[in-house]
1. Quick check: the distance between the Cα centres of segment 106-151 and segment 41-84, to the nearest angstrom?
2. Averaged over every viewing direction, what's the projected area of the C-alpha convex hull for the chain? Give it in nm², one decimal, please.
3. Okay, helix-only estimate at 222 nm for the chain: each DSSP H run of n ≥ 4 adds -39500 (n - 2.57), divide by all residues, round to 500 deg cm²/dmol; what do you get?
4. When only Cα pairs under 8 Å and 6 or more residues apart are kept, what is the percent relative contact order across segment 57-183?
5. Using a Förster distance of 41 angstrom, determine the FRET efficiency expected from the C-beta separation of residue 155 and residue 74, and round it to 0.05.
6. Have a look at 77, 136, 122 and tell me which one the Gaussian network model of the chain (Cα, springs below 10 Å) gives the largest fluctuation.
7. If we sort 137-147, 90-100, 59-69 on the protection proxy, mean other Cβ atoms within 10 Å, highest first, what's the order?
């Protein structure tokens, strides 16, 4: 008997610390996997320590595999834009540097066009008091982060003060705003 292999769509997003974004998107209906890692820089296979210096050019990203029949790229971006501040350049809260930039790393022209449209619509709507500074960058090599960063909030959230003060409130806000989309 031949087993069918499901094809998943891919999205790569940078919205500050990947512990925060991973914890949100793991709970979204249609998301198959979320991996924390790095994209958009010039150093081959960078380490977390290297990326944290801001010298590699990479952003902390989440690489998402999702079922496009259950979740559209537009819906992914809706969650993305409502669960981080896309109006602060190279910053999310106390996390400062280009590695914390807001970015959509598009995998094809369609993703780029969708992201451009959503940003234009959000800016025109006045949803945010300031203009969106999220960059649209072509997807490049994805480097998966070290093992201890994967599933970080779920495994270490209770022991880490950063998770209690920063990640948990973001996850709770996501659960309230997107209650109808939780796994």
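Bear in mind that the values in this text are calculations on the coordinates, not laboratory data. Computed from a prediction, not measured in an experiment: that's the story for all the values here. Please note: Cβ atoms are built from the backbone with ideal geometry, for glycine as well, and neighbour counts cover all protein chains shown.
1. Cα centres, segment 106-151 to segment 41-84: 8 Å.
2. For the Cα atoms of the chain, the hull's average projected area reads 11.7 nm².
3. -8500 deg cm²/dmol
4. Relative contact order here is 24 percent.
5. About 0.85, to the nearest 0.05.
6. 122
7. Ranked by mean Cβ neighbours within 10 Å, highest first: 59-69, 90-100, 137-147.
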